[in-house]
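The values are calculated or read from the model by the stated rules, or taken from the named source; none is laboratory data. This one's a predicted model, so the numbers in the text were calculated from it and none came from an experiment. All Cβ positions, glycine included, derive from the backbone under ideal geometry; neighbour counts span all protein chains shown. We work out accessible area using only protein heavy atoms, side chains counted, and drop any ligands, DNA or RNA first. Shrake-Rupley method; radii C 1.70, N 1.55, O 1.52, S 1.80 Å.
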Amino acid sequence: MRDGPLPPAPMPRAFLAAPQSTDGNDGRLAPQKLRPLGPGGVPVERLATAEKTYAFNAIPTRGTPALSAGHRADPYWADLWPYHSSERWFTHQAILRQQAAGYLRPPAQLAGDSSAALAAILGATLDHSPYSINTHVALLGVVNGWSTCTAQQAAALIGDARLRHHLSHPAALCIRANLIDTTAPNEWTTRAADALALYRPATGAAFSQATPDLTSAEWIAITGGQPFGGRGHHDRHNVLATEVGLRAAEYTLAGAVLGEAFSTANLLAGDGAGRKRIDTPARADLTVVRNDGLRIAIELTATTSPHFKRKVEQMVKLLAQSPLEHTGLTVIFLIAPSLELTEGEWETIRRTVYKEILRACRKHPGMGLDPTMARIGVATWREWFPSMHTVSDGFFTLRADRLRPWDSYGRIKDWETADFVDRASVSFTPADPQAVREVITNARALGQSPHWLRTPPSRSTDIPPRLQGLDEAPARSSALPEVHALSVQVRDLLGSMSAESPARQRSMALLHVTAGRLSVADVITQAAQGNHTNPLRKIKLLQLLIAQPRVGPERATKILNRAAAFYGTNDDLTRAQLSWLVHNNMRPRRRAAWDEALRTETTSPSGFPWVRSTA
């Protein structure tokens, strides 16, 4: 086993094109390398002497080099969160109460009002911050998508080295706004432990209160259409899962990597796959999506408790009921026991995992050409990561052991090697190739996705630069900028209406829209001028849309319902007036929702990001 710096290594297989199967057979059933069996018929564990090992710092990364795995803390081998350990978590309200009681002396960054922090995040007040709202949105997306992460991991996923430090400006604002909870280093730790502070989604109502002020792009980036927070709090488990997902994105050919929030059974094989809804809380810890759309759900396990045995049963049963060609679903169980175990105890856990998978596959064998045993693998943490800050050659293709399909007598006994990222080893012929790959495109909109696999929320050109993701917030003037440039002819036409009564001005504006002399954008721009006494502000949005040629009440109502969904409000916009759209404080976000409603025919599907977009 090699540890520490290594000489420059050859390019790992992760950065080579995955070979295609050319034998005309189903790669899942093609012969693979048989694994030598040890006691109890369980394959012998692959050690570092059996495979090439690299130091993370000696191989290229798809992410930011300074934030890569070699520069992050190794949460497993450093034993940062021993098994059964639990961090001391702080909500902002708890911090204030403990400070008032004299038991806590919080940093200055956490001082201040929660509403002011939320306003700064949303841009309702000028924050004078070098961070854009996209940074805050990405941080909330990372914390929500992965359930728990360190400050280092958040920085690597977002691609901003400034976030490596606990209580960086965006993190402090989100904590003050009651959007995320955090831990604090204790008096024994060194300064390096500052980057190991944990974040998780807050459970209060703060996010629900902020939702009406989020554009649809921001809301999708944070939640992906799923509930915010509300999942299990298992510090060690979640941090290890986040690290595996981050390393898979950095060093394999993954097309997308998704956290616990997007790895539910329903998203993997139910609604998200266009099939019948699965009402079960079962979920994997993370999912790696291959470039051809194959889903590799990874489940970490540290023990072989009754809960683990139920999890194996659920996963194998799910595979048996979910044809590969329709869901693309496979599973890898990654064994990561406590470092305090003896070698014998480690081996006992490993053997039990193999035997439970064998038992479940015999109970739920699947179909003849789609056996469950071909879609489920087993690996150990030290097979993929032999020591601190090192990686084996097998991780680049997510190498694992799987049961060899039954022989002519219907027996299941042998194990073989399978490289789940290698298309020749685990082939996949989807029923609808376009639909199964849609997750890769849709995942680019998620804040939880690594920044090199993500597209930041886009903004229309009429939105202020701060909402376009610029790092410097512009000075806010008292006069709102025009959202649409008026031609000389349109200005003259509007000017001729100004001498008429308010009711007459509204009627003339609608007639000019019907005649094609004014556009809807022209009327909105004119309504934004002046103050609340502008008579055009009393035109109903529904009337304005219907005034256009070939737009009837049904189509106009659908547009307004989409705008309400994008803006995140339950208000009935068919009764709303133009004043709602041009409200001084909320106009940029409401206008963004309006523009998106006009550009698309449907909202994001409920199975986002797993199903095909209908936009």
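Once the Cβ-Cβ distance of Ser498 and Asp432 is raised to the sixth power relative to R0 = 60 Å, the FRET efficiency obtained is 0.60.
Annotation: amide H-H contacts under 5 Å for His165 (H modelled 1.01 Å from N, sequence separation of 5 or more, or interchain): none.
Computed with a 1.4 Å probe over protein heavy atoms only, the accessible area of Phe428 comes to about 20 Å². Here the Karplus relation 6.51 cos²θ - 1.76 cosθ + 1.60, evaluated at θ = phi - 60°, turns the backbone of the range 240-251 into coupling constants of 5, 5, 4, 5, 5, x, 5, 5, 4, 5, 6, 10 Hz, with x for every Gly and Pro. The gain in end-to-end length when the Arg550 to Ala94 segment is fully stretched comes to 158.5 nm, 0.36 nm per residue minus the alpha carbon separation. A straight chain from Leu369 to Glu45 at 0.36 nm per residue would run longer than the Cα-Cα distance by 113.8 nm.
Distance cut-off 24 Å, Cα to Cα: go down the list Lys33/Lys355; Lys33/Lys309; Lys33/Lys311; Lys276/Lys317; Lys276/Lys558; Lys311/Lys363 and report the pairs above it. Don't skip to the answer; put the middle values down first.
Numbers: Lys33/Lys355 20 Å; Lys33/Lys309 28 Å; Lys33/Lys311 28 Å; Lys276/Lys317 15 Å; Lys276/Lys558 26 Å; Lys311/Lys363 14 Å.
Correct reply: Lys33/Lys309; Lys33/Lys311; Lys276/Lys558.
Can you tell me what percent of all Cα-Cα pairs in the range 481-600 are more than 19 Å apart? Summing the P(r) of the range 481-600 above 19 Å gives 43 percent of all pairs. Between Val331 and Ala297, Ile376, Gly377, the built amide H atoms are under 5 Å apart, and every one of these is 5 or more places off in sequence or on another chain.
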